[in-house]
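Shown next, in structure tokens, is the structure this report addresses.
The values are calculated or read from the model by the stated rules, or taken from the named source; none is laboratory data. The structure displayed is predicted, hence computed values, not measured ones. Please note: Cβ atoms are built from the backbone with ideal geometry, for glycine as well, and neighbour counts cover all protein chains shown. Protein only, heavy atoms only, side chains kept; ligands, DNA and RNA dropped before computing areas. Shrake-Rupley method; radii C 1.70, N 1.55, O 1.52, S 1.80 Å.
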Amino acid sequence: MLFPSNIGSSLAIDETELTNGELYTIVTDKAKHGKKGALVAMVKGVKADAVAAVLHRIEAMKRRMVIEVTLDLSPAMESIVRASFPAARVTSDRFHAQQLVSEALQEIRVALRREAMKAESAAIIKARTDKIAFSPRIHANGDSDKQLLARSRYVLFKTESTWHESQKERADILFQTYPSLKKAYDLSMLFRSIYEHSTTKEIAKEKLDAWYAKIIESRIEAFEVPMLTIQAHEDTILNYFVARSTNAAAESFNAKLKGFRSVVRGVRDKKFFLFRVAMLYG
């Protein structure tokens with residue numbers, strides 16, 4: 001589906017699953033806020049050449065009027081944008097970048113929890129063999145080691161200033177017990193602060209370089225992939241600091257489509273479903 005008249009100066013591009021793993025690439029006009037006229041294109045598949053071929057049906061003059069396109073960290077989406085909107089600034093969504101770093105932090109927490117569960121299970125078996133009662137280590141807040149790590153999931157997503165009293169207590173115990181997790185948490189929050197406290201691309205670039213150096217110095221393996229991914233997309237990530245644009249509009253539109261699928265209880269007739277999407281948003 002293509003609606004050339006809906007194109008605006010600021011677009012968002014993303015992919016969505018329609019049914020049974022079938023992916024569609026969706027381009028929306030951010031100025032329409034997910035309402036009537038928001039849908040610019042909805043193309044089956046995510047192959048850059050195929051999607052770009054559809055978008056090239058929009059006259060070149062209109063495509064050159066696009067100033068900015070926001071997207072996630074997908075190389076395929078970036079290829080589509082560069083081929084279709086040559087004058088547009090390509091901006092990677094900050095929340096996808098932050099998610100990479102947060103996932104690395106959670107990966108460390110989960111690995112520590114597995115180790116704690118393994119140690120506890122071994123201790124239980126030994127106690128049973130020795131015919132003695134098993135008593136796990138209990139921290140001051142009432143958590144065992146595995147409970148402490150399980151219940152700290154949301155603590156690690158938040159900044160210290162937003163913790164309530166029980167979370168502060170849990171975080172203190174967590175970081176004293178697992179210093180490596182404290183180091184990883186600090187790196188995660190440092191990356192987040194780059195977005196919150198940088199006012200220009202130049203300042204953000206300096207802070208990113210300092211963050212890379214700290215990761216290399218820390219030797220925390222879980223952060224290597226996020227660092228390399230961010231370095232690979234650094235130019236488009238830094239474009240965020242031009243207008244502080246995110247891809248929230250695309251995520252919101254995808255949520256509307258998911259809600260629509262839920263209302264109609266799934267996609268039984270795909271053509272009719274797409275027709276209704278076109279009538280609502282095209």
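From Arg82, Arg63, grab the single residue that is in a helix (DSSP H, G or I), touching a strand residue (DSSP E or B) at 6+ places or on another chain (Cβ under 8 Å) and either open to solvent by 10 Å² or more (accessible area, probe 1.4 Å) or not aliphatic (A, V, I, L, M) (or both). I'd like the intermediate steps shown before the answer.
Working: Arg63 fails: touching a strand residue (DSSP E or B) at 6+ places or on another chain (Cβ under 8 Å).
Within the list Arg82, Arg63, the selection yields Arg82.
For Lys214, all conditions in the list (1) open to solvent by 20 Å² or more (accessible area, probe 1.4 Å); (2) more than 21 Å from Gln106 (Cα to Cα); (3) not acidic (Asp, Glu) hold save one; what is the number of the exception?
With (1) open to solvent by 20 Å² or more (accessible area, probe 1.4 Å); (2) more than 21 Å from Gln106 (Cα to Cα); (3) not acidic (Asp, Glu) applied to Lys214, the lone miss is (2).
Would you mind stating whether Thr236 is open to solvent by 30 Å² or more (accessible area, probe 1.4 Å), at pLDDT 95 or above and of a type in the set (S, T, N, Q)?
no
Do the conditions hold for Lys271, that is, is it modelled with pLDDT of 80 or more and of a type in the set (Lys, Arg)? Spell out the reasoning first.
Numbers: modelled with pLDDT of 80 or more: yes; of a type in the set (Lys, Arg): yes.
Judged against the criteria, Lys271 is a match.
Quick check on my filter: what residues within the range 211-257 are touching a residue at least 40 places away in the same chain (Cβ under 8 Å) and in a loop (DSSP other than H, G, I, E, B)?
Ile220, His233, Asn239, Ser245, Thr246, Asn247
Among (1) under 29 Å from Ala48 (Cα atoms); (2) out of contact with any Asp or Glu (no Cβ under 8 Å at 6 or more places or on another chain); (3) outside any helix (DSSP H, G or I), there is one condition Val90 misses while meeting the rest; what is its number?
Every listed condition holds for Val90 apart from (2).
From the set of residues in the range 164-196 that are of a type in the set (Val, Ile, Thr) and within 28 Å of Asn141 (Cα to Cα), which is most open to solvent (accessible area, probe 1.4 Å)?
We begin by selecting, within the range 164-196, every residue of a type in the set (Val, Ile, Thr); these are 173, 177, 194.
Filter again for within 28 Å of Asn141 (Cα to Cα), leaving 173, 177.
Values: Ile173: 24, Thr177: 41 Å².
Selected residue: Thr177.
With respect to Lys182, determine if the residue is in a helix (DSSP H, G or I), touching a helix residue (DSSP H, G or I) at 6+ places or on another chain (Cβ under 6 Å) and over 27 Å from Tyr240 (Cα atoms). Quick ask: steps written out before the conclusion?
Details: in a helix (DSSP H, G or I): yes; touching a helix residue (DSSP H, G or I) at 6+ places or on another chain (Cβ under 6 Å): yes; over 27 Å from Tyr240 (Cα atoms): yes.
Yes: the conditions hold for Lys182.
If you go through the range 197-206 one residue at a time, do you hit one that is of a type outside the set (Ser, Thr, Tyr) and open to solvent by less than 10 Å² (accessible area, probe 1.4 Å)?
First, pick out the residues of the range 197-206 that are of a type outside the set (Ser, Thr, Tyr): 197, 201-206.
Those left that are additionally open to solvent by less than 10 Å² (accessible area, probe 1.4 Å): 204.
The answer is yes; a qualifying residue exists.
Quick one: which of Ala111, Ala104 is more than 16 Å from Val155 (Cα to Cα), modelled with pLDDT of 95 or more and in a helix (DSSP H, G or I)?
Numbers: Ala104 fails: more than 16 Å from Val155 (Cα to Cα).
Unique residue meeting the criteria: Ala111.
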